[in-house]
Structures are given as structure tokens and as C-alpha cells.
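This report concerns only the one structure given below.
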Amino acid sequence: MSALLGHLHDHYQSGEALAKALGVSRTAVWKQIAELRKAGYPVETQRGQGYRLAPGSPTPAALEALRSGRFGAFYAYLGTVDSTQEVLKNWALDGAEEGAVVLAERQLKGRGRRGRAWASVPGKSLTFSLLLRPALPLSALPLLPLAAGLALRDACGVGGLKWPNDLLSPDGRKLAGVLLEAQVSGEEVAWVLLGIGLNVHRGAAPPGGADLEEFGPVSRVQVLARLLASLEARYAQLRNPQALLQDYRANSYTLGQRVRVATAQGVIEGQASDIAPDGALVVQSEGTTHHVGAGDVELVGFLGGSR
């Protein structure tokens, strides 16, 4: 099955040609095609033309042709997994290098922030996890979600950010989200798993969500290559984050808006006025200034609202 996957591209090939290339029968090719589909890979069939992967599929060869920088140099393109975070966590424990990426077409137990489910649709979504081993103090960790959100905005070129790292469409619908999980030892960050889910093609977004294809033609592998490059560039800014914070403020859909923030200490409602140097959201509420380090933000009355 893996051998056949390596021969499939975004142009059609006949079963006869694939059988010849693999040294197997056409029946064997047909069976492997069925297995690939069952595994979650977006294999398309056209009568009289043969088989192909959905155009823009992020295969290793397609990504390598576009990739720049370190991120994605070690890359796994998988069909169905429980969670890319869990796969990458095992890699991290086994000593995988920073920049390793695990992408799956379908996750059975994909999740977003605070344990929410995140659906992935084969051939239409980008759901992947990136391994980081930041040589940074623990105090810099809260800035990482902001950097990831800003990298999403850079790569997608549309929308704005709901604090800390959700990418929203111009009318307030959710395009993408980020999940950060870290292994901390004392004051040191051993590794970070950065999980990203992005709705790319029509049919990827759940009700109330948005997808990139609404804003023009798009290729998943091109978006992935841009996103990995953007993540690497924004990650480097964490050492001197003034420019990162300035760009984040400029691309924020949260600042200047009335917000309702659910925190562990209770709900805060007021106006989001700034992003603090440590990445906290500054909220003005009835004469009191709150610095929110973690919480769920609702944009009260903002266009399509918060999702």
C-alpha cells in the first residue's frame, strides 16, 4: 500500500501503468487503492483515466519540492490516526529532532483547546503537529501560541486573530486553531507539541466555520509549505518578541472589542485593550485592568461573533 501511495500524484494514471510500475497485477492495484481509501487517503477515480490523489495533497514528495527551512525536513504523511499529537509525542520521547511534522488526513480523536473535538476531512483539511525543542525560558512559553496564530495569518493571508491563536475569517467564522502541549522540567521546556487544524477546501469546516477556498483557489500542500516557513520565522522571533507582538496587535480581531473571557477564576467582561509583553490579554473592566493569561474569549457583537 505504501509503495502505491508513493506512485500516486495529482494527475491521473491508469491501473495498467501503476501495475507495471509496481510489478503487480491490476487487481492488486485495485485492492491497494481500496485500502488507501479506507485508510483515509484522498484517492480519486476517473473512468477511463485511472487514479490520482486529490490535487494539492501534501505528500512527502510534494512538500519537499516546496519546503524551505528546517521545519518539515522530517515529515510523516499518514492516513488515519487517533491523534497526530499522540504520534508526535512518541517521536519526541524517542528523541526526534525539532521541526519534525506529523500530518494525518483523518484523526479519530483530534482535539482542540480545552479538549474540544476537532474534525478533519480527508482531502480538505490540514491537521498536523509540529515538534519544537525551544531553548527559551519557561516565561517565554505563553508567547508561542501567539506566534503560531500569527504564522497562520501570514500563511493564509486572510482574516485576523482571536486571542490567543484562533484564525477567524473577516466575518468572524473560525478558519483554524492551535493546540499547544508542553513537557516542562523545572524552569526548562523539554519539548512542545504544536497541533494545528486548518479548514482549506469547501466541506472541511463544521457548521459556523469557514474555509480558505471561500477566498480564492488554494492548494493544501502550498499552504502547508508556507505555514511551516512562517512558523519557523515567527518562532525565531521569540528570542526578541517586540516585532512579533507589534505584528500580532496589527492582525488582532480581539483588541478594541468588547470581550467576555471565561477564566479559572470566573468570567471577565470588558474591552480588550492590549497584548502584554508576556502575551497576556489586557482587559479593561469597570475601572479595573485584568491581565488574562489563559481563558476562552468570546468577541461580544463582533461581526459573526466568536467561534
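Would a scan of the stretch 30-46 turn up a residue that is in a helix (DSSP H, G or I), in contact with a helix residue (DSSP H, G or I) (Cβ under 7 Å, 6 or more places away or on another chain), modelled with pLDDT under 95 and surrounded by fewer than 17 Cβ atoms within 10 Å (Cβ to Cβ)? Yes, there is a match, as at least one residue in the stretch 30-46 is in a helix (DSSP H, G or I), in contact with a helix residue (DSSP H, G or I) (Cβ under 7 Å, 6 or more places away or on another chain), modelled with pLDDT under 95 and surrounded by fewer than 17 Cβ atoms within 10 Å (Cβ to Cβ).
LEU88 meets all of the listed conditions (1) under 24 Å from ALA205 (Cα atoms); (2) touching a residue at least 60 places away in the same chain (Cβ under 8 Å) but one, namely (1).
Would you point out the residue of the stretch 1-29, among those that are polar (S, T, N, Q) and within 29 Å of PHE128 (Cα to Cα), that is modelled with the lowest pLDDT?
SER2
Any residue in the stretch 291-302 that is of a type in the set (D, E, K, R), modelled with pLDDT of 95 or more and not in a loop (DSSP other than H, G, I, E, B)? No, because not a single residue in the stretch 291-302 is of a type in the set (D, E, K, R), modelled with pLDDT of 95 or more and not in a loop (DSSP other than H, G, I, E, B). In the stretch 133-146, the residue that is surrounded by the fewest Cβ atoms within 10 Å (Cβ to Cβ) out of those that are out of contact with any strand residue (DSSP E or B) (no Cβ under 8 Å at 6 or more places or on another chain) and part of a loop (DSSP other than H, G, I, E, B) is ALA135. Just to be sure, is ALA92 surrounded by 15 or more Cβ atoms within 10 Å (Cβ to Cβ), of a type in the set (A, V, I, L, M) and part of a helix (DSSP H, G or I)? Yes.
Residue-wise test of (1) more than 18 Å from ARG202 (Cα to Cα); (2) among the acidic types (Asp, Glu); (3) at pLDDT 95 or above.
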site	(1), (2), (3)
THR127	no, no, yes
LEU130	yes, no, yes
LEU138	yes, no, no
VAL158	no, no, yes
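From the list LEU255, LEU245, the one residue that fits, being aliphatic (A, V, I, L, M) and assigned to a loop (DSSP other than H, G, I, E, B), is LEU255. Can you name every residue in the stretch 185-200 that is modelled with pLDDT under 95 and in a loop (DSSP other than H, G, I, E, B)? Hits for the stretch 185-200 are GLY186, GLU187.
All told, ARG153 meets the bar of being out of contact with any Phe, Trp or Tyr (no Cβ under 7 Å at 6 or more places or on another chain) and more than 13 Å from LEU179 (Cα to Cα).
When SER68 is tested against the conditions (1) surrounded by 15 or more Cβ atoms within 10 Å (Cβ to Cβ); (2) hydroxyl-bearing (Ser, Thr, Tyr); (3) under 19 Å from ALA225 (Cα atoms), the lone failure is (1). Applying the set (1) among the basic types (Lys, Arg); (2) assigned to a strand (DSSP E or B); (3) at pLDDT 95 or above to ARG226 leaves exactly one unmet item: (2). A search for C-beta distances below 8 Å between a residue of the stretch 235-256 that is free of Cβ contacts under 8 Å to residues at least 60 places away in the same chain and any residue that is part of a loop (DSSP other than H, G, I, E, B), counting only pairs 6+ apart in sequence or on different chains, returns ARG249/LEU255.
If we keep just the residues of the stretch 144-198 that are among the basic types (Lys, Arg) and under 20 Å from ARG220 (Cβ atoms), which is farthest from the chain's Cα centre (by Cα)?
Keep residues of the stretch 144-198 that are among the basic types (Lys, Arg), which gives 153, 162, 173-174.
With under 20 Å from ARG220 (Cβ atoms) added as a condition, the list becomes 153, 173-174.
On the way: ARG153: 11, ARG173: 16, LYS174: 12 Å.
Among those residues, the one meeting the criterion is ARG173.
Looking across GLY149, GLY123, GLY203, GLY172, one residue alone is part of a loop (DSSP other than H, G, I, E, B), over 24 Å from GLY79 (Cα atoms) and not aliphatic (A, V, I, L, M). It is GLY172. Looking only at residues of the stretch 169-227 that are closer than 30 Å to ASN90 by Cα and among the acidic types (Asp, Glu), we find that the one that is surrounded by the most Cβ atoms within 10 Å (Cβ to Cβ) is GLU181.
The values are calculated or read from the model by the stated rules, or taken from the named source; none is laboratory data. Owing to the predicted nature of the structure, the values given are computational and were not obtained by experimental measurement. All Cβ positions, even for glycine, are placed from backbone atoms using ideal geometry, and neighbour counts span all protein chains on display.
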